[in-house]
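Structure, as structure tokens:
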Amino acid sequence: MRRFALLILLGLGLQSLVAADYPPDQRHYWRVVQPIMRKHCNEACHNADDKKGGLNLEKYDFIRRIQADGELFTDLMQQIEDGSMPPQGRPRLTPMEKDTLFTYIKRYLNDALSKPDPGLIPPRRLSRREYQYAVEDLTGYSFPARAFFPKDPSGGEGFDNYAKTLYITPLLMERYLEAAEMIIQETACAVEEWEKIVPNSSKKVLRPFALWGKQLWGGEVAKTQARIAAAERVLYPFATRAYRRILLPAEEEQLINFFEEVYAQLPKDKHRFDNGIAEALKVVLVSPNFLIRQEGDRPTELPYLVNDFEMASRLSFFLWSSIPDDELLEAAYRQELQDSSLLKVQVQRMLKSPKVKRMAESFAAQWLDIDKLSDPSHSVDGDKFPTYTPDLEAFMKEEAVQYFYHTLTESQNLLELLNGNYTFLNRPLAEHYGIEGVEGLALRKVMLGSEKRGGILGMGSVLTASSLPTRTSPVLRGKWVLEKVLGTPAKAPPPDVPELEAAKNTHEEMTLRELLEVHREDPAGLGGHQEMDDLGFALENYDAIGRWRESYKPQLAQIDASGTLKTGESFDGPAQLKEVLKGKKHLFAKNLSQKFLGFALGRSINFKDYKTVQSLADTLLEENFNSTQFLESVVMSYPFRYKISDPVVVEDDF
């Protein structure tokens with residue numbers, strides 16, 4: 001009876017779905033195309049329960065979802081074309097079914113690419129990094145935001161500036177109030193920094209202006225006018241930079257009125273003006289105009305250029321992880337940022353600023369996944385690796401940041417991320433790597449005389465982050481290379497595959513390579529993961545904290561660091577692996593383009609961005625991975641310069 005009732009409800013649901021006001025192509029998809037997918041793909045293999053190859057096709061009930069994962073469906077159509085799907089033993093598609101599926105899936109994907117779509121980016125609060133740097137640029141105080149606020153969730157392309165996860169909770173708002181108190185208090189105590197915000201000239205002018213005004217309007221009126229004028233000279237520039245645009249008249253009035261209300265209640269001493277200003281500055285720091293990055297929505301469904309001040313914010317948060325400086329705001333005021341040539345001038349200027357290192361730190365730490373070294377969930381066994389200290393960990397992370405920053409601003413060659421013949425070392429890190437002749441604690445560029453190091457694959461931070469607490473993991477390292485370098489993630493294993501540790505407990509005397517071979521021979525099958533394992537084995541000469549070794553233990557055989565990709569290239573050790581990866585620089589270029597675009601926009605990159613990603617990758621390949629030209633291309637790209645309105649906001653407002 002319950003089953004019958006459920007079928008009735010499902011039937012009613014389907015009827016209402018079809019009867020709803022959906023476009024004809026969506027109704028046609030439900031009626032004609034989706035049943036073919038269900039019959040040959042979903043029911044036996046790719047459903048919510050089985051997820052063969054880590055794939056659940058049941059979730060693609062709307063055309064827009066197919067369009068968002070267009071590359072996946074392009075690959076699926078190729079597998080159907082070459083006969084690898086459906087797998088052997090399953091019924092084949094009839095010629096009519098195959099023609100229908102190909103015709104309409106291709107039409108959906110072509111439609112996705114034919115209409116320019118910059119993607120929807122919802123309003124979002126500043127990330128912890130952005131908040132810290134924005135406060136520093138406003139006040140000169142380096143507020144420890146990453147220790148003070150809860151960790152930002154990552155999303156999209158793996159970065160913590162992902163718009164959909166950056167919302168404000170009541171608890172976070174309380175922390176913002178506390179932070180504003182701390183920031184202004186610390187800034188006021190730093191005389192030099194405070195005078196940059198509240199110059200003595202602003203206060204000194206009060207008395208002569210009051211005396212002059214007294215002859216015209218009377219004493220109290222003159223004092224009030226002088227005080228307001230002095231407060232305006234402090235508050236308006238500060239709020240303009242914080243809000244990243246010209247203040248509205250109502251906002252100016254609110255700030256001055258608040259200052260006046262506070263001033264009237266303060267003790268009549270020499271600090272009265274400064275204390276009133278301090279309270280008004282706190283209001284700016286807790287204003288949504290400072291905390292939230294929000295762009296105006298026009299009443300149109302068509303894409304349009306962001307305005308100059310919005311472009312200034314996009315540009316500064318991308319390249320500096322912070323607010324625009326005065327020169328960038330002035331360029332926005334002059335409406336220069338919609339001019340391509342003048343926009344490039346600003347990009348080139350900003351890339352020469354030391355603030356670019358902020359972007360290098362933020363992007364590199366998250367792209368390379370070395371941020372996890374500071375995460376409580378990651379650990380290194382102190383008994384097994386007593387030389388691994390917090391200082392050494394910090395030096396490892398700084399090596400990666402300085403290296404990435406160097407490829408951005410000095411060598412301007414992003415391909416050196418794979419095969420550079422140098423790195424950045426100090427004495428402790430050099431000793432850890434077994435490199436002689438490096439003194440001091442400051443990291444500096446060191447040319448390498450061996451192919452054991454060089455590039456991101458030989459960095460201790462990367463190697464430690466992709467290891468387990470007590471040993472290396474070829475699986476994790478191979479997965480890291482596939483995802484972070486090539487942008488070709490391995491398929492998820494079936495849910496019934498046993499853990500490697502189960503094999504380890506049974507075969508203690510085996511090397512990791514032998515264990516993984518046993519693991520892949522399991523009936524559940526992981527043969528498709530051999531490439532991932534082989535990529536990891538190429539890095540097995542590095543132990544779990546990145547030191548070089550020739551064997552696991554003295555009594556075990558020498559490490560076998562050889563492997564073969566499914567495309568046929570063979571390698572033995574990290575040096576040969578880097579050469580193989582250089583040969584796949586088209587994949588590296590595409591992956592780097594997708595990551596940078598996602599970082600710049602703060603959203604996921606999907607199939608509708610395919611043309612943009614491919615254009616950026618072509619720029620890298622054609623310009624020999626020149627970082628300046630590549631970053632200019634990111635800024636000049638369609639999704640970076642254009643936006644679409646949120647239909648919910650437009651409907652509510654208009």
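The values are calculated or read from the model by the stated rules, or taken from the named source; none is laboratory data. Quantities reported herein were computed from a predicted structural model and do not represent experimental measurements. Glycine also receives a Cβ, built like all others from the backbone with ideal geometry; neighbour counts cover every protein chain displayed. Accessible surface is based on the protein model in full, side chains and every heavy atom, while ligands, DNA and RNA are left aside. Shrake-Rupley method; radii C 1.70, N 1.55, O 1.52, S 1.80 Å.
Table for the structure above
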read-out: Residue match in region 263-271 (condition: surrounded by 14 or more Cβ atoms within 10 Å (Cβ to Cβ), in contact with a helix residue (DSSP H, G or I) (Cβ under 7 Å, 6 or more places away or on another chain), over 22 Å from L138 (Cα atoms) and in the same structural domain as M182 (by TED's automatic domain parsing)); value: yes
read-out: Among residues of region 70-95, those that are surrounded by fewer than 18 Cβ atoms within 10 Å (Cβ to Cβ) and either among the acidic types (D, E) or in a helix (DSSP H, G or I) (or both), counted; value: 10
read-out: Hits in region 421-460 - residues which are part of a loop (DSSP other than H, G, I, E, B), closer than 13 Å to P574 by Cβ and touching a Lys or Arg at 6+ places or on another chain (Cβ under 7 Å); value: G455
read-out: Residue among A364, A360, A312 that alone is modelled with pLDDT of 95 or more, surrounded by 15 or more Cβ atoms within 10 Å (Cβ to Cβ), more than 24 Å from Q402 (Cα to Cα) and in contact with a helix residue (DSSP H, G or I) (Cβ under 8 Å, 6 or more places away or on another chain); value: A312
read-out: Single residue of L482, L468, L441 found to be surrounded by 17 or more Cβ atoms within 10 Å (Cβ to Cβ) and either in contact with a Gly (Cβ under 7 Å, 6 or more places away or on another chain) or among the hydrophobic types (A, V, I, L, M, F, W, C) (or both); value: L482
read-out: Single residue of D391, D383 found to be farther than 23 Å from W320 by Cβ, part of a helix (DSSP H, G or I) and open to solvent by 60 Å² or more (accessible area, probe 1.4 Å); value: D391
read-out: Any hit, region 405-413, residues being surrounded by fewer than 19 Cβ atoms within 10 Å (Cβ to Cβ), without any contact (Cβ under 8 Å) to a residue 60 or more places away in the chain and more than 30 Å from T619 (Cα to Cα); value: no
read-out: Boolean, G458 is over 18 Å from R547 (Cα atoms) and either modelled with pLDDT of 95 or more or open to solvent by 10 Å² or more (accessible area, probe 1.4 Å) (or both); value: no
read-out: Top-ranked residue of region 120-152 - restricted to ones that are touching a Leu at 6+ places or on another chain (Cβ under 8 Å) and farther than 14 Å from L285 by Cβ, ranked as most open to solvent (accessible area, probe 1.4 Å); value: P150
read-out: Residues of region 315-348 satisfying the condition of being surrounded by 13 or more Cβ atoms within 10 Å (Cβ to Cβ) and among the charged types (D, E, K, R); value: D325, E336, D339, K344
read-out: Residue in region 577-626 that is surrounded by the fewest Cβ atoms within 10 Å (Cβ to Cβ), counting only those that are of a type in the set (V, I, T) and within 19 Å of L415 (Cβ to Cβ); value: V580
